Amino acid sequence: RGRAMAAKGSVQGAMATVAASGEEVEKILTQVKGYVIIAGYNTPKQVIISGEAEAVGKAVAACRAKSYAAIPLKVSNAFHSTLVSSAAEVLRAELLEVNFHKPEFSVLSTITGTEVERFSVRDNLCRQILDPVRLFDAVKSAVRRPSPAAPGRARQALFSDAARRRHRHLRRHRPRGP
């Protein structure tokens with residue numbers, strides 16, 4: 001996947017994290033000219049945006065104007081968007097050579113938040129390049145599943161702690177003033 005992304009990295013896109021709900025950010029993005037989308041739903045109050053560099057910059061400014069923390073990410077492209085669609089085709093061609101076997105344990109998709117079936121792994125991996133990441137849905141799914149490695153309460157505490165730490169980080173980096 002990384003090689004496919006690097007091979008097709010000619011588009012100059014950008015990404016940013018925004019401390020707001022997907023619904024709120026979606027409203028803001030409809031007012032921004034250019035191509036910018038929600039590329040990830042990390043928590044109910046934190047999303048990732050991706051798109052053309054100029055449009056992402058405008059979206060960051062618009063989010064900050066609404067007093068939402070918005071931090072540009074140091075990435076090489078607009079991942080999880082159509083700007084990197086050619087990489088998905090490169091990956092799909094490479095994956096035709098791979099035989100997938102039934103996994104020994106559940107594999108959760110971060111784009112659907114549900115278990116990946118053996119016959120959909122190839123498609124799922126290609127979709128991960130283009131589709132929004134639904135991390136929070138996948139985490140909720142993981143917490144509900146039994147695991148010998150981490151019992152339910154331990155798993156839940158781990159994910160809850162990680163979400164709280166990320167939220168505190170975003171609050172500390174919230175822009176001040178108008």
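Data table
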| read-out | value |
| --- | --- |
| Pair list, Cβ under 7 Å, 6 or more apart: segment 123-139 residue among the hydrophobic types (A, V, I, L, M, F, W, C), other residue part of a helix (DSSP H, G or I) and buried (at least 20 other Cβ atoms within 10 Å of the Cβ) | Leu125/Leu91; Cys126/Ala88; Cys126/Leu91; Ile129/Val84; Ile129/Ala87; Ile129/Ala88; Ile129/Leu91; Leu130/Ala88 |
| Only one of Ser76, Ser86 that is in a loop (DSSP other than H, G, I, E, B) and open to solvent by 10 Å² or more (accessible area, probe 1.4 Å) | Ser76 |
| Leading residue by the ranking (surrounded by the fewest Cβ atoms within 10 Å (Cβ to Cβ)) among those in segment 89-118 that are over 28 Å from Ile49 (Cβ atoms) and small (Gly, Ala, Ser) | Ala93 |
| Selected residue (criterion: surrounded by the fewest Cβ atoms within 10 Å (Cβ to Cβ)) from residues of segment 40-73 that are of a type in the set (A, V, I, L, M, F, W, C) and assigned to a strand (DSSP E or B) | Ile71 |
| Sole residue being without any contact (Cβ under 8 Å) to a residue 60 or more places away in the chain and touching a Leu at 6+ places or on another chain (Cβ under 8 Å), chosen from Val56, Val36 | Val36 |
| Number of the exception - Lys8 against (1) modelled with pLDDT of 95 or more; (2) touching a Ser or Thr at 6+ places or on another chain (Cβ under 7 Å) | (1) |
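The values are calculated or read from the model by the stated rules, or taken from the named source; none is laboratory data. Nothing here was measured: the structure is a model prediction, and the numbers come from that model. Positions of Cβ are backbone-derived with ideal geometry, glycine not excepted, and every protein chain shown enters the neighbour counts. Accessible surface areas use protein heavy atoms only, side chains included; no ligands, DNA or RNA. Shrake-Rupley method; radii C 1.70, N 1.55, O 1.52, S 1.80 Å.
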